[in-house]
Amino acid sequence: MTGEKRQWKERTPEEIEIIKEKAEKRRKKNFSIITNHIDSVCIIPADKPASARYALVQMIFVADRMITTLKRQVGFVLPFDTARQVLGNLDEFIESIWAYVIKTSPHLYSFDKRRWRELNDPMDIKLKLVEGRNFVAVILPRSEEIGQLAVAAKILENHILYVRSTGPFDKIEESISAYRSIIEDFDEFLTGLSEKIGVEYDSPIKKLINQGAMEHGQESGETSWPPLTNDATSANQEATGEKNDKKKRKT
């Protein structure tokens, strides 16, 4: 059993203190980002950080760094045509996500993704979200593309949480299948982008698959994605010693 999966009661006082210090440091960082940057986006992942569903949030952070690197390289290291093609592919990917967002939220019919700021939370709401919640991801987009992507992800995460708590099983299956397809497409895009700009990309999907394989005594790559949990366990719950009594789905 790894340290990450050990129950709270099995941790030493020193480990608990380290967790609490990291939690407090993360909260202060999030507060600073929100109060100083109006375009910051808060996303509440519908699963705990070690799960497959958290991969999308991780990849948005990676994409933000990669797109910034691409724009620095263009014209010097990277040809304009190559950069234009990459950004065109990214725009198509973002369009596909927004198409699904609109499908899940009909009131957004004909909404232009370039108006993403209109759907972002106001500062007071964002501050309330991060207060006492360590599992909230705060993203500071450094480009319009990442802002569009982050807000779309925020809406989809909320949709997944809603469907899994209120929707029929068929709707849950449809939503999660679509979401996994989005994550896999995003992972493929980032893999190609990393090769073009010459940076290393540590795929969170491959990491999760290999982790699942090791836990089941298989060779790396011989297992599918780990299953989604039925509850969103926060790092804050762990830091405060709270227990999650919901049973996980058996696989």
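Within 17 Å of H37 (Cβ to Cβ) and aliphatic (A, V, I, L, M): does that describe A150? Taking the combined requirement at face value, the residue satisfies it. When the criteria are applied in full, G147 fails the requirement of being small (G, A, S) and more than 18 Å from the chain's Cα centre (by Cα). Pairing residues of the range 65-84 that are within 23 Å of A150 (Cβ to Cβ) with residues that are assigned to a strand (DSSP E or B), at Cβ distances under 7 Å and at least 6 apart in sequence or on separate chains, gives L70/L78; A83/V74.
Checking each residue in the range 113-127 for being without any contact (Cβ under 8 Å) to a residue 24 or more places away in the chain and either basic (K, R) or crowded, with 21+ Cβ neighbours inside 10 Å (or both) picks out only R115.
Let's see how each residue does on (1) assigned to a helix (DSSP H, G or I); (2) touching a residue at least 60 places away in the same chain (Cβ under 8 Å):
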position: A152; (1), (2): yes, no
position: E157; (1), (2): yes, yes
position: L161; (1), (2): yes, yes
position: S165; (1), (2): yes, no
position: I172; (1), (2): yes, no
position: F186; (1), (2): yes, yes
position: Y201; (1), (2): no, yes
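Tell me, which residue of the range 113-144 that is in a helix (DSSP H, G or I) and among the β-branched types (V, I, T) is nearest to R65 (Cα to Cα)? Please lay out each step first, then the result.
Keep residues of the range 113-144 that are in a helix (DSSP H, G or I), which gives 113-119, 123-130, 144.
After this cut, where a residue has to be among the β-branched types (V, I, T) as well, the list is 125, 130.
Working: I125: 26, V130: 23 Å.
Among those residues, the one meeting the criterion is V130.
Anything in the range 114-158 that is among the polar types (S, T, N, Q) and closer than 27 Å to A178 by Cβ? List them, or say none. Steps first, please.
Residues of the range 114-158 among the polar types (S, T, N, Q): 120, 134, 143, 148, 158.
Passing the criteria: N120, S143, Q148, N158.
Determine whether the range 128-136 contains at least one residue that is free of Cβ contacts under 8 Å to residues at least 60 places away in the same chain, in contact with a Lys or Arg (Cβ under 9 Å, 6 or more places away or on another chain) and among the polar types (S, T, N, Q). Looking for residues that are free of Cβ contacts under 8 Å to residues at least 60 places away in the same chain, in contact with a Lys or Arg (Cβ under 9 Å, 6 or more places away or on another chain) and among the polar types (S, T, N, Q), one finds none in the range 128-136, hence no. Could you grab me the full set of residues in the range 80-112 that are surrounded by 14 or more Cβ atoms within 10 Å (Cβ to Cβ), of a type in the set (F, W, Y) and farther than 22 Å from A63 by Cα? Listed by number, the list holds a single entry, F111. Counting only residues that are in contact with a helix residue (DSSP H, G or I) (Cβ under 7 Å, 6 or more places away or on another chain) and in a helix (DSSP H, G or I), the range 188-199 holds 6 of them. Filtered by the rule that a residue be among the charged types (D, E, K, R), part of a helix (DSSP H, G or I) and free of Cβ contacts under 8 Å to residues at least 12 places away in the same chain, the range 95-112 gives a lone residue, K103.
For the range 132-183, which positions are surrounded by 13 or more Cβ atoms within 10 Å (Cβ to Cβ) and acidic (D, E)? Across the range 132-183, the qualifying residues are E144, E145, E157, E174.
Computed from the coordinates by the stated procedures, all read-outs in this text should not be read as laboratory data. The model shown is predicted, which means the values in this text are computed figures rather than measured ones. For neighbour counting, all protein chains shown are included, and Cβ atoms are generated from backbone atoms with ideal geometry for every residue, glycine included.
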